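**Q** I have a structure here, written as structure tokens, and I will follow up with some questions on it.
The values are calculated or read from the model by the stated rules, or taken from the named source; none is laboratory data. As the structure is a prediction and not an experimental result, all values here were calculated from the model. Here the Cβ is made from the backbone with ideal geometry for all residues, glycine too, and neighbour counts use every protein chain on show. Keep in mind that these areas ignore ligands, DNA and RNA; they rest on the heavy atoms of the full protein, side chains included. Shrake-Rupley method; radii C 1.70, N 1.55, O 1.52, S 1.80 Å.
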Amino acid sequence: MNKMELANIKENEMLDRAIEALRQTAGLDIEVTQYEPAATHARADAYINIAYNNNNYKFVVEVKNVDRFATIAQVKHQLEEFNKAPLLIAPKLTEAAANNCKELGLNFIDLAGNAYINEPGFFVLIKGQKLVQEQNNPMNYFKGNKALTPTNLRMVFALLCNAEMLNAPYREIAKVAGIALGAVGWGFNDLAARAMTLGDGKKNNRVIIQQEKLIQEWVTNYPIKLRPKLNPRRFKANNLDWWKHLDVKNYAAQWGGEVAADKLTHYLKPNFFTLYLHGKDLKKNMNKLIVENRLVPDPKGDIELLVAFWDFDGADFLPEVVPTLLVYADLIASNDPRNLETAKMIYDKLIQHANN
């Protein structure tokens, strides 16, 4: 049995347990109508039907452990492609996470039978139920560290941004991803073992076969595993317009986050300013940027400077903007509803379209 099959079994077990818990706490008639449905560019874990008050309510379900708010936003975005009400099933949700689901309009059930469902003519709110821990509880499956390592995240980013890298020499991949040469082979072994890629780089036929899943995995793990290692520093500026005419090339920098999204879509008015700085003169350029723009250190400031973690030339759209996948990830990680709307626009028009 491979790891992918094991994951499906555990997720299906979680789905069944959550449904049974809700039957017990709410007395609802619930039926799984399909496992692992797919839309054009997205996959979910199940369709379910809930009978209530002589009506049938259809939901599309994603089973996921929720360890941060960005995961909730990502699930909401993923399920929007399906023409059914979205429903998250999680091992358990903190009160803060449950409130975040409500704010984003995402229905949820946990393994204890706590639930929030708010659809026209159908409202359920159950809280305070405690989960009984068991040795074979499928929740234990999600405690394992299956997420990509920071090194693999760097490599996968390079592969997702440039498909030619899939069959490039390992030394070149290591250079553009900023990782050790020996890590490249391990990275490809991991992708192949998890059925993310097929083929052999020696024969120049390696391809990504689960592009959407790999993108979402990367976006989920980036803010948790890799971003904190990029020496993020926060500042504020007395001049609120400091960024509008900034020539980022003078500092070997690129815009990420909200400014990058505005430049790509002309839709978002930036309130938070993210810059990634490159190169061997990074420290010198960062000090120059801080001094010339009179930035003041502030742990709660609206300006964030980070170290760029990739080394490949050019950008997919604008040279002053980081690769689009990173713009999307920054917006999702912000968990700001207005950013999530723009993130969906960027994904649909620039990421999804580019991969078709």
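**Q** Most mobile of Gly121, Gly178, Gly113 per a Gaussian network model of the chain (Cα springs, under 10 Å)?
**A** Sorting by GNM fluctuation, first place goes to Gly121.
**Q** What does the charge count near Ile224 come to, summing +1 for each Lys or Arg and -1 for each Asp or Glu among other residues with Cβ under 12 Å from its Cβ?
**A** Computed value for this residue: +2.
**Q** Another question, if that's okay. Given a 1.4 angstrom probe, I'd like the percentage of the accessible area of segment 9-79 that is carbon and sulfur, rounded to a whole number.
**A** Its accessible area is 39 percent carbon and sulfur atoms.
**Q** For Phe122, what residues show an amide H to amide H distance below 5 Å, using hydrogens built from the backbone and excluding near sequence neighbours?
**A** none
**Q** While we're looking at this one, here's another question. Write down the accessible area per residue of the chain in Å², having rolled a 1.4 Å probe over the full set of protein chains.
**A** Averaged over the residues of the chain, the accessible area is 50 Å².
**Q** About the Cα centre of the chain, what is the dipole size in debye to 20, counting +1 per Lys and Arg Cβ and -1 per Asp and Glu Cβ, all else neutral?
**A** Magnitude of the dipole: close to 1040 debye.
**Q** What is the count of Lys pairs in segment 37-139 whose alpha carbons sit under 14 Å apart, if the two are 8 or more places apart or on different chains?
**A** 8
**Q** State, to one decimal in nm, how far the label point of Leu240 lies from the label point of Glu341, with both points 7 Å from Cα in the Cβ direction.
**A** Taking the simple label geometry, Leu240 and Glu341 are separated by 2.1 nm.
**Q** From the list (1) 38, 26, 18; (2) 57, 25, 16; (3) 41, 23, 19, can you say which value of semi-axes √(5λ) of the Cα gyration tensor in Å was derived from the structure given?
**A** From the options (1) 38, 26, 18; (2) 57, 25, 16; (3) 41, 23, 19, the structure gives (1).
**Q** Show me, for segment 250-256, the HN-Hα J-couplings you get by feeding each phi into the Karplus relation (A = 6.51, B = -1.76, C = 1.60, θ = phi - 60°), rounded to Hz, glycine and proline as x.
**A** Using θ = phi - 60°, the values come out as 5, 10, 6, 10, 9, 6, x Hz.
**Q** What is the Cα centroid distance between segment 22-52 and segment 189-244, reported in whole angstrom?
**A** Centre-to-centre distance over Cα atoms comes out at 30 Å.
**Q** Considering only Phe157, Phe123, Val61, whose Cα is most displaced toward the positive end of the charge dipole of the chain, charges sitting on Cβ of Lys, Arg (+1) and Asp, Glu (-1)?
**A** Final value for the positive-end residue is Phe157.
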